[in-house]
Amino acid sequence: MPHGDAHPGRFALRRTLLLLLLAAEIRARDLPMCKESDFHFEYTECDVLGSRWRVAVPNKPDTCTGLPDPVRGTQCSFSCKAGEFLDMETQECQKCAAGTYSLGTGVGFDEWDTLPPGFFSYGTDMSAGDVFANCSNSTWVPKGDYIASNTDECTSTLTYTVSLKQSGTVAFEYFYPDSSVSFEFYVQNDQCQSTEAQSRWMKSTESDWSSHYVELSKGNNVLYWQTTAFSLASGSARPVLLRNIAITVSGDSCAVAAGVAYTSECFHCKPGTFSKEAGAAHCAPCPANTYSNKGSTSCQSCAQHQYAGPGSGACEPRPPCKDSDYFYTHMPCDANGQTQLMYRWIEPKICSESTDGAVKLPASGKMELCPPCNPGFFSSNVSSCEPCPSGSYSNGTACVQCPAGTEPILGFEYKWWNTMPSNMKSSVYSWEYSGSDRVTAWEVAGDYIYTTPGDLDSNYMTLTLTVPGYRLTQSIAREMPNNDLAKITFVFETRCSADCMLYFSSGSSEWNNQEVERWGGTREKQSYSYIIRRNSSTCFTWAFQHTKGHSEIESSWGRLLLTCVTLSTLSFLPRSLSLKERQYSVDFAKIYSISITNVIGGVAFGCRHCAVGASHTDESHMGGACVPCPVGHYMLNDSSTCLSCPPNSIVRTEQPIGVEACLPCGPNTRSNQVSIISSLLRITRSCGSPSAPPSAHPSTPSPRASMCCLCSWYPQDRSACVSDCTLVLEREGTARYDFSPLANVTHFRSGPRFTSKGLRYFHQFSVSLCGSEGRPEAVCVDNVTKNKREVRGHVCQATVVPSELRNQRVVSSQPFSIGDTLIGVTTESTLDHISSPQDHFPADSSLPDVIFYYRSAEATPACKNGRTTTIRLRCDPSVSEDDQLSLPSTCPEGTCDGCSFHFLWRTRHACPLCSARHYKEIVSGCIQGIQRTTYVWQEPLGCSRGVPLPAQKLSACVTLDFWLKFGVFTGTVAGLLLIALSCYFWKRTRRLEYKYSKLMMNAGERECELPAADSCAIMEGEDADDDLIYLTKKSISSKIKSFSRQRTSDGFDSVPLKSSSGMEMEMEMS
């Protein structure tokens, strides 16, 4: 039964297939036969034997029939030479026709109007956490002659995949000017193995386009170009540029790269280029004043009234010549000491002299006297200037030997401009004529050098001065750190009718230049100075722009002019920009003089006094060599005498002459000390062997030289002010501080911040609080590029981004110093024009904050006086960590103006050291004859460390029972005594009453002729008891009765009296 069920199904399937084949045959009979234009040939994949087939593939399906049958193709080892293409019909290599080109066994990409086939670009989010950025538009962008990376914080990737049957290479040119952008190139093979990490990071380009090539392995290779910008400011990063990507196959002519070993067609030359003969491997650019269209075999000359730049695809009309189209210059001096004034057209000349209203070139040849030579040079043969010999100087005329006891002041001083100095160069950065060899940006004019009009008002007219390095003079102690090595000063003037700008930048040959200062608009004649602190080859650049044209380009490339680059650097600029008429050609910049000191290879334009070492016995120092003054000393003006600076001061090493060279250290700081090794080295150089005292030298030095050598034994450096991390304050008693636990380098971050695309980043600060000898400095790094850069000082800042870039947890960029000099330590809110506002950190304690003040002298356009930093140390015994630094709530980045930084450091180590006045004693009661004394801290606690709490004290004491008994006894005795006294005084009172009553009775008897009493007082020796009847032998009850009897009508008690005879009888009876 199952078999019966299956048989009808198989039959139905066969019938369906037959019907489909029949329908296809009928439809094919209705289609026309295929022509050569209806299909193209392709090769199949190579098999294990290296063979393949050529098959015909229709351009559109179901449009024709009768395609050629597949035939065996060439071997996979087949290839064509450069300038050839593979004719797929004959399967033979043919030469490219004129006007076209090919690379043969490779592919190249030099046109970037669109993204070439096979290339893919995408943007990815590199931020960590739950915040995701929209990076869909952060891709590489074709720009015509090159392709540019993104400039935001997204990671932009450009990829290309190639399959090679043999090993090969990939080569490309790149321009990588911005160290805040991470740029890597790596290759991933079909085993998913990438290029080694140490070789995938590209080196930043110092000036020009750089070339890079990598070997490719056999098989599939995926090429990756990847960039990430860490400038974190919109439009501030400069993109990475790529051009001329070429993939070739290595080995012999039989080497094969599937997909790149041959090309089936040749490429047309792009507009502005041509190939004259067949079999060209590349196209040549058209010269100036010619043009060509796409696929041209030659260039066409422009009409007489038109012009074109090199590599142009069209001509433009020539404007009439104006005064701004020519410039004047001076020829070198002749044998008669005269120079010729010459007028020249600005090249390439684009204006027409024959047009109505055009001006003519003024006549040249006027003779003028040559200016003198610059200081340090002399006129050798009237027509040229030569540098003075070593040890001599000049003011521009004749060389004079420096007198004894002096040394030459080396450098360069240019104030006469007859010819361009050999270490200076003039260039035009033009958007249109970027590849020209123009050198007419700045021209000499006798007593100044000035800018020419330029081709476009937006051009940058640049002047560069290259200095190989710096060397301090012998009279300056070279062992001192943080020296101001040199100073450049120039006098300039600008005249502007629009928004012109003069830029001045400085940088070493290893790193790109950075803008130092800029001046906009008209500026009267003025001077500007800049201090050099890094000893390296330096390039100074002056760039003048008549107006800010092409704002879109300038936003990305405006900083490019500030690098020491050659003219070919700008050959990547867009071709699409058209020339505009010069509107501000009358604007100019002039430089009258340029002076730079302490230059290696410089000339002497003066001499100055110096301390003279021991080389001869002559007391006049003839032949003696200049040596540095001992450290901590300065030189008297117009003499060779060295005097010591006052205590606790440092020496201005850039100008150690006069007492003004001594700078006092700030409050609670001191001058640093030099190591013994440094002292011995200094003695070795100036006196001889360090093991022998100065008097033991073979040649007897002069007294001053001996003094110099002896002074060198003092271990003082005195080049910087430091703190020993201790402080003593007299405030309601002596308060002592010890910040030593905070002396090590401390790192802390600001709160997280986010870019417009959601990338999270932080500002990281590094602090070396005290700066004492032997302690490490704070270091901030830039590890975006392969060439790491470090910034050191007391306080520095860098921008960090959490990332897995280069297997690092964070990427650090844009480091700069915000405090490389310690100014002082105090509790005052202002010091040396640096302020630490109290309202930034409201106080919550009665203890004062201790403030450390720092300054960084490096000036920027925004901070012309450098940056400053204040760190408030606030006592908080509850904080156990040592890195609890906070930022002002009103300035979450630590600064409100970018120049003044403020921090609060809460720590227990900011409290004064504990002393006896910070604790109190508590005495217990006497228990079993023992009394305990306990010591406790006073609340709130306002100290830390220092004196510990004393241990509990025990002392003997008397118990309470004894004192109770003693008190009862004493009270009893006192009570009895009180009763006795009361009775005594009561008795005396009664006696007085008795006498008074007796006196009254006697007075009554006198009225009745009775004898009167003589007196109511008790006479001396008289005993009142004798007169009291009731006191004699009366019982207590009788006495009570006597007290209770009633008084008489006269108010007196009735008292019976005795006669004298009666008393005598009573006495006898007793």
Legend entry - Projected label distance in nm at Ser846 and Lys203, using a 7 Å step from Cα toward the beta-carbon: 6.6
Legend entry - Selection of GluC sites (Glu not before Pro), the range 722-827, meeting DSSP coil and at most 14 other Cβ within 10 Å: Glu732, Glu773, Glu804
Legend entry - Accessible area (Å², per residue) of the range 739-911, counting only protein heavy atoms and a probe of 1.4 Å: 41
Inset, instruction - State the percentage of accessible surface on the range 913-970 attributable to carbon and sulfur atoms; use a 1.4 Å probe and exclude ligands, DNA and RNA. - result: 65
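Work out how much length Glu89 to Val936 would gain on full extension: take 0.36 nm times their residue separation and subtract the Cα-Cα distance, in nm to one decimal.
In short, 294.4 nm is gained.
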Legend entry - Using θ = phi - 60° and Karplus 6.51 cos²θ - 1.76 cosθ + 1.60, couplings along the range 328-342 (whole Hz; Gly, Pro as x): 10, 8, 10, 7, x, 5, 9, 5, 8, x, 10, 10, 9, 7, 10
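Just the number, please: carbon plus sulfur as a percent of the accessible area of the range 313-400, 1.4 Å probe, no ligands or DNA/RNA counted.
Using a 1.4 Å probe with all protein chains present, the range 313-400 comes out at 55 percent carbon and sulfur.
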Legend entry - Mean Cβ count within 10 Å, highest first, over the residues of peptides 792-798, 500-506: 792-798, 500-506
Legend entry - Paramagnetic reach from Thr124 in the range 151-181 [backbone N under 19 Å; point 7 Å along Cα→Cβ]: 151-162, 181
Legend entry - Among 301-311, 944-954, the order from most to least packed when residues are scored by Cβ within 10 Å on average: 301-311, 944-954
Inset, instruction - Would you kindly find the accessible area of Lys415, with a 1.4 Å probe and non-protein molecules such as ligands, DNA and RNA excluded, rounding to the nearest 10 Å²? - result: 80
Inset, instruction - May I ask you to order 854-860, 778-784 by the average number of other C-beta atoms within 10 Å around their residues, highest value first? - result: 778-784, 854-860
Legend entry - Accessible area of the range 739-911 belonging to carbon and sulfur atoms, whole % at 1.4 Å probe: 46
Inset, instruction - Whenever you get a sec, line up Val107, Val181 from highest to lowest accessible area (probe 1.4 Å, protein heavy atoms). - result: Val107, Val181
Legend entry - Accessible area per residue in Å² at 1.4 Å probe, computed on the range 302-366: 52
Inset, instruction - Subtract the Cα-Cα distance of Thr830 and Gln340 from 0.36 nm times their separation in residues, and report this length gain in nm to one decimal. - result: 170.3 nm
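The values are calculated or read from the model by the stated rules, or taken from the named source; none is laboratory data. These figures come from a predicted structure and were not determined experimentally. As a convention, Cβ positions derive from the backbone with ideal geometry for all residues, glycine included, and neighbour counts pool all protein chains shown. These area figures cover heavy atoms from the full protein model, side chains too; ligands, DNA and RNA do not enter into them. Shrake-Rupley method; radii C 1.70, N 1.55, O 1.52, S 1.80 Å.
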